[in-house]
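The values are calculated or read from the model by the stated rules, or taken from the named source; none is laboratory data. Since the model is a prediction, treat every value here as computed from it, not as a measurement. Neighbour counts are summed over all protein chains in view; Cβ atoms, including those assigned to glycine, are modelled from backbone coordinates with ideal geometry. For accessibility, only protein heavy atoms count, side chains too; no ligands or nucleic acids. Shrake-Rupley method; radii C 1.70, N 1.55, O 1.52, S 1.80 Å.
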Amino acid sequence: MEKSRPLWDNPLQFVFACISYAVGLGNVWRFPYLCQMYGGGVASVVVSFFLSMYYNVINAWAFWYLFHSFQDPLPWATCPLNSNRTGYEEECEKTSSTQYFWYRQTLNISPALEASGSVQWEQALCLTLAWLVVYLCILRGTESTGKVVYVTASLPYCVLIIYLIRGLTLHGAVNGLIYMFTPKLEQLSNPKAWISAATQIFFSLGLGFGSLIAFASYNESSTNCERHAVIVSLINSTTSIFASIVTFSIYGFKATFNYETCLSKVILLLMDAFDLEEGSVTADNLSQMKAFLMATHPQQYAQLAPQLKNCSLEAELDTAVQGTGLAFIVYSEAIKNMEVPQLYSVLYFFMLLMLGIGSMLGNTAAILTPLTDSKFITSRFPKEVISGAVCLINCVIGLIFTMEAGNYWFDIFNDYAATLSLLLIVLVETIAVCYIYGIRRFEKDLHTMIGRKPNWYWKIMWAFASPLLIISLFIFYLTDYILTGTLQYQAWDATQGQLVTKDYPGYALAVIGLLVAASTMCIPLGALVTFIRKRLKRERVSTVA
């Protein structure tokens, strides 16, 4: 479960917000140092393309849940009846109604990555709708995209405020907030925690994707990018804390509800099995009564023991879920127990949809800007056709994630398509600005733009602190996966009604390697091509001379 994010991303935000202003270009094909020489811009486009392949599937799922949110009762509120209508579906009884709706009725997930299955037409239609919405938003270029972003950025705050008021009034919300603000020092030594935090920062600020450079290129060169970088970073961190308070209040409600439900079932079992009086067993004296019954009725208690769960609020809170599990399982489980669940369900998934569309607009801008800035392409095709082609290609490829094994491929792309690549891209581009282009030249450019030179804090963070932190994360990342050994994934076992760990097959490992190499190799290949071109140019000059 993600907690608040640090502010050390400000310097990187400043660098990427200023690059296009300082050079006066947004076109990645022409940016002299980051792209032609080192391939950083091309790598960013490749990462953005990979992200577009799978990220819009989240919007498809949001559409799916939003459409089902108008039903009464909510379809994930209870388990469906079996074919004989004599009881509930066996798979649902072994898990929960929210997990069953997610894994079986939404994903119809296969038991392993090898069993790819067929395309789920409902999810395919939702994905097509999601891409149609994105295309309509980017059809008119930055003018229409800017107007849509105002809506997608502001409406989620309204929904979050509503959820904050509701969340803080829920029973058990305090338990979630206490859990949120209680530091877990052992996590500081966990490389995955730092890697996840860094990746989340890069995603939330758009670092390394090219979207910052793309959007910045449309502003005037005199824009105060320093002020914008600070404001955006502060808003980002404040929003993270604000959203975390909302999330953990609802998470506390969900954990408390499950804990109290577990206690009620155990108490009922004890009272029925030992014919105890009403009110003789309570949550306060449950442990004492268990010990007493175990001592006085050892055989009868031993027979009942397998049915008695060990209820623990701490265990419920420790079952941290992130990613799609948090968005579509934990929230759904909490919403179904609220009053007027349809209202809160519609609000939540509408907010999720707005956030997803906003992210997709920035990501597609990072792909379309270099394409539409290319005279070779725009002279042959209008911008509407270019935008449509990008959306259509990504939509067709995205059908892979609507197959029965699609969620496993989604996890592969989500875990490996951007994480390592982003670290390397941001590191190389930061070094290129500070040490190749030169921090003094960059300082002069900023002085021309904002009327003053950046203070010592920015220069230290650019030249030393930020690269050192990224290199440390890079080492943590590689060390973690080297020590892990064989890469594994979580597969859904319908017979047990839970996730089980399996090893990735060989072809999946090959795809993971290609995803990482496709973007990271743009940097050394870009440097090699530039070196060869310069070498050939020098030879021509020397020959002519």
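Details
- Among (1) 49, 25, 23; (2) 32, 30, 26; (3) 37, 27, 25, the entry derived from the coordinates for semi-axes √(5λ) of the Cα gyration tensor in Å: (1)
- When only Cα pairs below 8 angstrom with a gap of at least 6 residues are kept, the chain shows a relative contact order of 35 percent.
- Per-pair calculated FRET efficiency, R0 = 25 Å: GLN200 and ALA153 via Cβ, rounded to 0.05: 0.90
- Annotation: per residue accessible area for the chain equals 48 Å², rounded to a whole number [probe 1.4 Å, protein chains only].
- Only helical runs count toward this figure. For the chain, summing -39,500 (n - 2.57) over DSSP H runs of n ≥ 4 and dividing by all residues gives -21500 deg cm²/dmol at 222 nm.
- Taking the accessible area of the chain, probe 1.4 Å, and keeping the other protein chains in place, the carbon and sulfur fraction comes to 63%.
- For the residue pairs LYS94/LYS192; LYS147/LYS383; LYS94/LYS336; LYS192/LYS502; LYS336/LYS502; LYS94/LYS265, alpha carbon separations beyond 22 Å are given by LYS94/LYS192; LYS336/LYS502.
- Taking GluC sites (Glu not before Pro) across segment 229-322, the ones in a DSSP loop with at most 15 further Cβ atoms lying within 10 angstrom of their Cβ are GLU277, GLU278.
- Backbone amide hydrogens, once placed in the peptide plane, bring TYR88 within less than 5 Å of ASN82, excluding anything fewer than 5 places away on its chain.
- In this simple spin-label model, placing a label point 7 Å from the Cα along the Cα-to-Cβ direction at both SER542 and LEU188 gives a separation of 5.6 nm.
- Loop trypsin sites (Lys or Arg not before Pro), segment 373-441, which have at most 16 other Cβ atoms in a 10 Å radius of their Cβ (DSSP): ARG380
- Scanning the chain for DSSP H helices at least 30 Å long along the axis (C-alpha atoms) with a Kyte-Doolittle mean no lower than 0.5 picks out 40-68, 142-168, 225-274, 341-372.
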